[in-house]
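One structure is given below, encoded as structure tokens.
What follows is calculated from the coordinates using simple rules that are stated; it is not laboratory data. Since we're looking at a predicted model, the values are computed, not measured. For neighbour counting, all protein chains shown are included, and Cβ atoms are generated from backbone atoms with ideal geometry for every residue, glycine included.
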Amino acid sequence: MIRRLSLTAIALAAATAPAFAHLDPAAHGSFMAGLSHPLFGLDHILAMVTVGLWAAMIGGRAVWIVPSAFVATMMVGFGAALVGMPLPLVEPVILASVVALGLLVATAARLPVPACSAIVGAFALFHGHAHGTELGLAGAASYGAGFAAATTLLHLAGIGLGLALASGLGFGKSAGTAASRLVGAGTAVAGLALMVG
């Protein structure tokens, strides 16, 4: 059952990514424009899926608290952008989040849930601010609901991936843990590539 749910979440996130790349709110509506926004940037995708993967690796309450902390704080960052509150170094911090989250997964870091929530929340503030500065002609409420939904789907994909890997996929739990750590290392390397690219 868990494996089926995991694979469904991964397939759903993968299927949506190419379909909605930065939709025009005038043509497709503000919700769809917001839904497409995180799915258009590889940095957002990597960070948000990795949050879910890390939460699944930690397990227990972290599975829902850590992604929820990301979404909630992301919306605070969005609100800050809407009211014109500046936030320095938004893009560099977003790229740093990909590297840092990848390293946390690669090292299988097991921190207390509040610490994990604080870490992802700090990064989420910048992700949300970036979404807010690119609002354009979209309606704020619908656009915000759209990218919150997309973020949640990406977190679910990461959780699904994490649960699938934790099961060992028939190769044993140690192989699953090694695979999760490898995904984390690959994410960190991809983040570094985005920084220099």
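Averaging Cα coordinates gives a centre for segment 35-94 and one for segment 128-151; these two points are 12 Å apart. Charge dipole (Cα centre; +1 on Lys/Arg Cβ, -1 on Asp/Glu Cβ; no other charges) of segment 2-196 amounts to roughly 760 debye. Dividing the mean sequence gap of close Cα pairs (under 8 Å, 6+ apart) by how many residues segment 98-185 holds gives a relative contact order of 51 percent.
Annotation for segment 77-142: chymotrypsin sites (Phe, Trp or Tyr not before Pro) lying in DSSP loop with at most 14 further Cβ atoms inside 10 Å of their Cβ do not exist. Indicate the gyration tensor shape class of segment 42-82 (rounded, prolate or oblate), computed on the Cα atoms with a ≥ b ≥ c the square roots of the eigenvalues: a/c under 1.5 is rounded; otherwise a/b larger than b/c is prolate and the rest oblate. The shape class here is oblate.
Tell me, what is the percent relative contact order of segment 2-196, built from C-alpha pairs under 8 Å that lie six or more residues apart? Answer for segment 2-196 is 38 percent.
Look at the Cα gyration tensor of segment 2-196: its axes a ≥ b ≥ c give a/c of at least 1.5 with a/b over b/c, and that counts as prolate. A simple packing score, the average count of other Cβ atoms within 10 Å per residue, orders the peptides 81-93, 46-58, 183-195, 106-118 as 46-58, 183-195, 106-118, 81-93, with the highest score first.
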